[in-house]
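Right, one structure below, let's go through it.
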């Protein structure tokens, strides 16, 4: 059994056990009383049976004595011997009246009953006679004309046997009841007899009702219950005058009557039992309630504690439950304290004790819940060059610097929520009706945050940049307002401002970038990306012998997407590797087509700096370019070497050994380190178009280009001039000894078909176009 | 065995003396000898009674003998040899008599004229009982303790065996006499006194 409540459980178990004991006690009492009562009645009945036996014997003797006297009377004997019927009858009558017998008769030797009237049939007489012969002093029950009698018989001898004298009294119910009146208990008696197989018969017509009192064999029964168990029955076997008949005297006593004196006792027991049970039930319930009440209080308190509510339970007394309640209270307090500490840790910066980013974000949520999102602002104060400052003054002092700054900010904005949101920045969250208000605050902060702080009595310069963002800004940027403020700091620094409002447009949409990459991957399969080829003019052969492959993306939905819009992103997201592999495959395939059309063109491919130091890419590139020595050129910017020079140079060496031409791209626009120029195993140098575009007008550019060409030549490099847009430039570069020219003047980047067509157009007079341009 | 041999010798001797002797031996079905049985064969009584005294004595509160067989018309004396007095009677139909209290000095006799069975008792002493068998033949003998009765010089005829307690009609059996004077074995079922 499962209980949902301890109280019920205790109450049920206690009450159940007690009730069980009570029940057992009651059952035992009941059984004992019942047994004693039964035994008392049985004893009484047994005593009664004994009394009956004596009376029976007494009657038998009395009758026997009378019969003896009569049977030995000489005159009577003479009368019987001579069959003097009137004399016999008168003598019998005389004696019957004297002794109050019901019946007296003589059975003579002829088998005639004298003095019995006609109640005896010849058969009965013969039966009695036969039975009498073998007996000394015959006596017992005899049934005459359907009624039972107690009879005795004595032989009449004169001197030989001449007959029997028989005396009898009726065993009617009246006679038996006279007998039972002697008993202390109201017994009733009936006589039953059975002759042959006739079954038991009673002396009265109501004998049928008594039949169920009898056991199977009444003669063997001592004292017991009747068949219907409503009477106690004692059957006493009594003699029968006839051998073929058995007789029993049945004494019966209604059980209900026998038990009546004990019923009061039983009722008393029952009442006591019920009262006891009731007391136990109430008591058990009270005890259980006393036990379970504090437990329920504890359970409820535990529930409250689980929900994080502060709670305590009353703990009166000194028992285990009180101690448990006390322990529970202590535990609750400790949990609360710990929770407070954990919450504090979770929401505070352990270094400075200021609120942390989470706390501020919570503050933003609280504020935004209170009103319109447009009115929630975050100000981020970023300490400039914090890492350097920290490196200079140490962690402890730099933390102190932040704490001091926070204290200043609190003075200005006492009601705003303030916290350390990054290593070098403090965030403020506030609600303002207009952005202008916030900007005014920001301006105040700018002054405060750019005033030196005193650390260990030493003034330290403090410079900070402030970013402002509104909760409204976060919608498109996918950042929190505090992050937006942080981004605004970067944007301010980029703009060389002390503070800036977050510019969502400038920030772009990072999620859009990612979707752009998946779009690009799809576009590669769909053929939205293709290669355009821009020819390089060879000054020496005055022909087009090489070109640069440039990636183009014509998105069916977004239209033309410039390489600047997706290449950097591809580099950042790792998509540059499959993209470059695709370009490589495309270029090789196109080169084969060009060759088939009769044009042996070297194709240059731009390789991202990230890929150059990636051996995996180099492996796959070498695999693809096997057998194409000198036909493919990798254009690489110097920056590719800066991050990991050893690795990059080693990989480039592998390329060079495989016959891949390496060109240094955009030379002059970046760091243009001479050291790298020396170590990179390049064969070509491409001068950045920024120097070539204004070659016509700028003397300085001409000088730079001229000296660069000279420098390259002296290092054994060939020079490609990019951004050649005029015939004049071509002429100048030719004069400077440049090896190749690339630019709109030579040819715009065009798809392979157009590129092939232009090559064919040139084939007649390869020099015509540049020359004519140069001439014009 | 010796007894049987002597009995046989006696029979042989008597066989030589008389023309026709009948020996009857009465036993119970269990083989016990039946004494006091009256064995009789028909025969004519003499005209005058023989001068024989028949005695039914009372001694030690008993009748002696238990069974007495007398011919019709014989007189039986009832001497009292006890110190006490007796009141001898019989309610036999044709031979009823009553000898009221008498002592040892008083002589009493009764003549039995009718043949038949006469049970006699004492009114004072219930246990005293005897039987007088009145017969109409001179050939009637009571079996001895061995259950044997010898009838000498009898004519041929049916043998009647009577005993007061015989389990038979009228307490008797009637049988054919043996053919050549040999012993007649009679089996008679008897009961005790009722």
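Criterion applied to B:157, B:147 was being surrounded by 19 or more Cβ atoms within 10 Å (Cβ to Cβ) and either within 22 Å of residue A:129 (Cβ to Cβ) or away from every other protein chain (no Cβ under 14 Å) (or both), and the one residue passing it is B:147. Taken over the range A:655-664, the criterion of being within 11 Å of residue A:637 (Cα to Cα) and touching a helix residue (DSSP H, G or I) at 6+ places or on another chain (Cβ under 9 Å) is satisfied by A:662, A:664.
Cβ-Cβ contacts under 6 Å between residues 6 or more apart (or on different chains), taken from a first residue in the range B:182-194 that is within 14 Å of another protein chain (Cβ to nearest Cβ) and without any contact (Cβ under 8 Å) to a residue 40 or more places away in the chain to a second residue that is surrounded by 14 or more Cβ atoms within 10 Å (Cβ to Cβ) and assigned to a loop (DSSP other than H, G, I, E, B), are listed as B:191/B:165. For the range A:54-76, a tally of residues being within 14 Å of another protein chain (Cβ to nearest Cβ), touching a residue at least 60 places away in the same chain (Cβ under 8 Å) and either outside any helix (DSSP H, G or I) or in contact with a helix residue (DSSP H, G or I) (Cβ under 7 Å, 6 or more places away or on another chain) (or both) returns 2. Of the residues making up the range A:315-326, those that are surrounded by 12 or more Cβ atoms within 10 Å (Cβ to Cβ) and either at pLDDT 80 or above or touching a strand residue (DSSP E or B) at 6+ places or on another chain (Cβ under 9 Å) (or both) are A:319, A:321, A:322, A:323, A:324, A:325, A:326. Restricting the range A:480-504 to residues that are modelled with pLDDT under 85 and part of a helix (DSSP H, G or I) leaves a set whose member that is surrounded by the fewest Cβ atoms within 10 Å (Cβ to Cβ) is A:494. Could you tell me whether the range A:635-651 includes any residue that is in contact with a helix residue (DSSP H, G or I) (Cβ under 9 Å, 6 or more places away or on another chain), free of Cβ contacts under 8 Å to residues at least 60 places away in the same chain, under 24 Å from residue A:707 (Cα atoms) and part of a strand (DSSP E or B)? Yes, because at least one residue in the range A:635-651 is in contact with a helix residue (DSSP H, G or I) (Cβ under 9 Å, 6 or more places away or on another chain), free of Cβ contacts under 8 Å to residues at least 60 places away in the same chain, under 24 Å from residue A:707 (Cα atoms) and part of a strand (DSSP E or B).
Among the residues that make up the range B:155-166, is at least one of them more than 17 Å from the chain's Cα centre (by Cα) and either outside any loop (DSSP other than H, G, I, E, B) or free of Cβ contacts under 8 Å to residues at least 12 places away in the same chain (or both)? No: zero hits.
In summary, strands (runs of 3 or more DSSP E) completely within the range A:438-479 and bearing 2 or more residues that are in contact with a helix residue (DSSP H, G or I) (Cβ under 6 Å, 6 or more places away or on another chain) and in the same structural domain as residue A:364 (by TED's automatic domain parsing) occur at A:453-455, A:464-470. Counting the residues of the range B:76-98 that are free of Cβ contacts under 8 Å to residues at least 40 places away in the same chain, surrounded by 14 or more Cβ atoms within 10 Å (Cβ to Cβ) and away from chain A (no Cβ under 13 Å) gives 5.
Counting only strands (runs of 3 or more DSSP E) that sit wholly inside the range A:505-561, those with at least 1 residues that are at pLDDT 90 or above and surrounded by 12 or more Cβ atoms within 10 Å (Cβ to Cβ) are A:529-538, A:543-555. Name the residues in the range A:145-172 that are over 28 Å from residue B:88 (Cα atoms), surrounded by fewer than 23 Cβ atoms within 10 Å (Cβ to Cβ) and touching a helix residue (DSSP H, G or I) at 6+ places or on another chain (Cβ under 8 Å), would you? Answer for the range A:145-172, where residues must be over 28 Å from residue B:88 (Cα atoms), surrounded by fewer than 23 Cβ atoms within 10 Å (Cβ to Cβ) and touching a helix residue (DSSP H, G or I) at 6+ places or on another chain (Cβ under 8 Å): just A:169. If you take the residues in the range B:121-138 that are out of contact with any helix residue (DSSP H, G or I) (no Cβ under 9 Å at 6 or more places or on another chain) and surrounded by fewer than 21 Cβ atoms within 10 Å (Cβ to Cβ), which one is farthest from the other protein chains (Cβ to nearest Cβ)? Here the residue is B:138. Taking the range A:77-181 and the strands (runs of 3 or more DSSP E) fully enclosed by it, the elements with 1 or more residues that are within 13 Å of another protein chain (Cβ to nearest Cβ) are at A:103-108, A:147-157, A:161-170.
Okay, residues lined up against (1) farther than 18 Å from residue A:380 by Cβ; (2) surrounded by 15 or more Cβ atoms within 10 Å (Cβ to Cβ); (3) in contact (Cβ under 8 Å) with a residue 40 or more places away in the chain; (4) not assigned by TED's automatic domain parsing to the domain that holds residue A:407:
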{"site": "A:328", "(1), (2), (3), (4)": "yes, yes, no, yes"}
{"site": "A:333", "(1), (2), (3), (4)": "yes, no, no, yes"}
{"site": "A:340", "(1), (2), (3), (4)": "yes, no, no, yes"}
{"site": "A:346", "(1), (2), (3), (4)": "yes, no, no, yes"}
{"site": "A:361", "(1), (2), (3), (4)": "no, yes, yes, no"}
{"site": "A:366", "(1), (2), (3), (4)": "yes, no, no, no"}
{"site": "A:369", "(1), (2), (3), (4)": "yes, no, no, no"}
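Screening residue A:31 on (1) free of Cβ contacts under 8 Å to residues at least 12 places away in the same chain; (2) loosely packed, with under 14 Cβ neighbours inside 10 Å; (3) over 30 Å from residue A:278 (Cβ atoms) shows it passes everything except condition (3).
The values are calculated or read from the model by the stated rules, or taken from the named source; none is laboratory data. Owing to the predicted nature of the structure, the values given are computational and were not obtained by experimental measurement. No Cβ is skipped: glycine too gets one built from the backbone with ideal geometry, and neighbour counts run over all protein chains shown.
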